[in-house]
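The structure under discussion appears below in the form of structure tokens.
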Amino acid sequence: MHSTQATRHFSGTYVEARRKFLEAAAERQASVESFPLEGHTGALGETLSTDTAYIGQPGAEKLLLVSSGTHGPEGFCGSGCQVAMLHDTDLLGRLERAGVALLLVHAVNPHGFSHLHRTNEDNIDLNRNHIDFTQPLPVNAAYAEVEPLILPAQWPPTAADEAAVAAYIEKHGIRAYRAAVTTGQYTSPDGVFYGGTGPSWSNRTMRAILRKHGAAAGHIAWIDVHTGLGPYGHGEKIYPGRPAGLPRALAWWGADVFAPFDGTSASADVTGPVVSIVYDECPQANTALMGLEFGTLPDLEVLDRLRADTWLRRHPEAPEAQQRAIRRDVRDAFYCDNDEWKGMVLGQARAVMLQSLQGLQKA
């Protein structure tokens, strides 16, 4: 794919991404629905919305779902993949001939996408929010100890602050540090990887979308596009579902599918990922679930930029120049704005879509 051809599907702002998505969906005569986030505006004063495009027979037996922007600025990558799909006549023709419906969910977290926050309007990490809130909240006992280390009083951290983090890692190991920080926590609303105390707006919206389009499906493949973990430009296929579904994921997508629950993935074994709602809303369906995770910067660098973003939420009085720099760093942690990376993303995403189509055909 020629670089400018790949680049044209991507956008520099949420506003541009939404416009490109809706225009491409209209061109394809997709069935489009918009779910505005009331009471909030975007960074440029724009309306914030999760938008869907559906192509195929209503109530199709086989459904391919692709979602973007669960973690805000990760939407730059996911939106580019979705817009490319809408322009991919060959792929759409294959889906139609196979009787597979396509559902694209653009900007699961529009607030974070626009404002360049991984979390939503309430500082909730959506991949920690899709749990059963009628049950006791998950406990991450180690988080209380690491929070003061990772969110110091000032930013950037002092040498003493960094030494405290290094001492924790030295004592407990890097894997334990990552787990304590990233697994999810439900005790500190202005902390990192906060899961909330009830279903977020995005949670409720995604469930409504799934009930509408997946209620009749016997087979559902769901690809949720993410960025920020793993080697630069590499798309890790992360299996975020229940253990019983792993053999199907391996059969469809190959031996390079990794599951957080067995320690083989770059991702922590998180509580409450968005894709897990398929079990609640579409219990009748056989499912194949994937978090398609494209690497950007070294993992700990990405984590440091998320620490800065969370620190900034605690310190709205920070100088404007520092605020801008932190937001820019967050964007760059989740989106590599160059032709090489975008080409790598689109090539691997298309391969995954073709594998998903083949899996659904055989199902």
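Among rounded, prolate and oblate, which fits the range 1-98 when a ≥ b ≥ c are the square roots of the eigenvalues of its C-alpha gyration tensor, a/c under 1.5 means rounded, and a/b larger than b/c means prolate? Oblate shape, in that a/c is at least 1.5 and b/c is the bigger or equal ratio. The Rg/Rh ratio of the range 132-216, with Rg taken over Cα atoms and Rh as the Kirkwood radius over Cα pairs, comes to 1.14.
Less than 11 Å Cβ to Cβ from residue 252, Lys/Arg counted +1 and Asp/Glu -1: what total charge do the surrounding residues give? Once positives and negatives cancel, what remains is +3. Only helices enter the 222 nm calculation for the chain: every DSSP H run of n ≥ 4 contributes -39,500 (n - 2.57), and dividing by all residues gives -13500 deg cm²/dmol, rounded to 500. For residue 95, the accessible surface of its heavy atoms amounts to roughly 10 Å² (probe 1.4 Å, protein chains only, rounded to the nearest 10).
Of 188, 49, 11, the residue with the greatest mean-square motion in the GNM of the chain, using alpha carbon springs below 10 Å, is 188. Put simply, when 66-75, 38-47 are sorted by average Cβ atoms within 10 angstrom per residue, most first, you get 66-75, 38-47. For residue 69, neighbours were defined as the other residues whose beta-carbon sits under 15 Å from its Cβ, and their charges (Lys and Arg +1, Asp and Glu -1) total -3.
Under the classification rounded if a/c is under 1.5, otherwise prolate if a/b is larger than b/c and oblate if not, where does the range 167-241 fall, given a ≥ b ≥ c as square roots of the Cα gyration tensor eigenvalues? Because a/c hits 1.5 or more and a/b fails to exceed b/c, the range 167-241 counts as oblate.
Would you mind classifying the range 84-194 by shape? Square roots of the alpha carbon gyration tensor eigenvalues, ordered a ≥ b ≥ c; an a/c under 1.5 is rounded, otherwise it is prolate if a/b is larger than b/c and oblate if not. It is prolate, given that a/c is not under 1.5 and a/b is the larger ratio. Within the straight-line cut-off of under 17 Å between alpha carbons, the lysines reachable from residue 20 are 342, sequence neighbours fewer than 8 places apart in one chain being disregarded.
Result for the chain in a Gaussian network model with C-alpha springs under 10 Å: among 338, 109, 286, the largest mean-square fluctuation is at 338. Residues in the range 236-363 average 41 Å² of solvent-accessible surface per residue, probe 1.4 Å, ligands and nucleic acids excluded.
Were the residues from residue 94 through residue 320 laid out at 0.36 nm apart, the gain over their Cα-Cα distance would be 76.4 nm.
Gyration tensor analysis over the Cα atoms of the range 243-323 returns equivalent ellipsoid semi-axes of 35, 17, 10 Å (largest first, whole Å). With N the number of residues in the chain, Rg(Cα) / (2.2 N^0.38 Å) evaluates to 0.95.
Residues whose amide H lies under 5 Å from that of residue 37, counting only those 5 or more places away or on a different chain, are 48, 49, 50; hydrogens are built 1.01 Å from N in the peptide plane.
Taking the chain as a Gaussian network of alpha-carbon nodes connected by springs under 10 Å, the highest mean-square fluctuation of the residues 118, 327, 314 belongs to 314. In a reduced charge model with +1 at each Lys and Arg Cβ and -1 at each Asp and Glu Cβ, the chain shows a dipole moment near 840 debye about its Cα centre. Across the range 99-111, rounded Karplus estimates of 3J(HN,Hα) from the backbone phi angles (6.51 cos²θ - 1.76 cosθ + 1.60, θ = phi - 60°) give x, 9, 7, 10, 10, 9, 10, 9, 6, 4, 10, x, 4 Hz, Gly and Pro being marked x. Hey, what D do you get for the range 84-149 in µm²/s if you plug the Kirkwood alpha-carbon radius into Stokes-Einstein at 25 °C and 0.890 mPa s? So the translational diffusion coefficient is about 153 µm²/s.
Once the Kirkwood radius over Cα pairs is known for the range 37-78, the Stokes-Einstein relation at 4 °C and 1.567 mPa s delivers a diffusion coefficient of 101 µm²/s. Considering only the other residues whose Cβ falls under 14 Å of the Cβ of residue 354, what net charge follows from Lys and Arg at +1 and Asp and Glu at -1? Combined, the nearby Lys, Arg, Asp and Glu give +3.
For residue 286, the amide hydrogen comes within under 5 Å of the amide hydrogens of 219, 220, counting only partners 5 or more places away or on other chains and with H modelled in the peptide plane. Between the amide H of residue 224 and those of 67, 290, 291, 292, distances stay under 5 Å, these residues lying 5 or more places away or on another chain, with hydrogens modeled in the peptide plane. Of the three principal axes defined by the Cα atoms of the range 224-363, the extents in descending order read 56, 34, 25 Å. The lysines within cross-link reach of residue 362, meaning a Cα-to-Cα straight distance under 18 Å and a gap of 8 or more places when in the same chain, are 62.
The values are calculated or read from the model by the stated rules, or taken from the named source; none is laboratory data. Note that the structure is predicted; figures quoted are calculated from it, not measured. Cβ sites come from the backbone with ideal geometry, for glycine too, and all protein chains shown count toward neighbours. Side chains included, ligands, DNA and RNA excluded: accessible areas come from the protein's heavy atoms. Shrake-Rupley method; radii C 1.70, N 1.55, O 1.52, S 1.80 Å.
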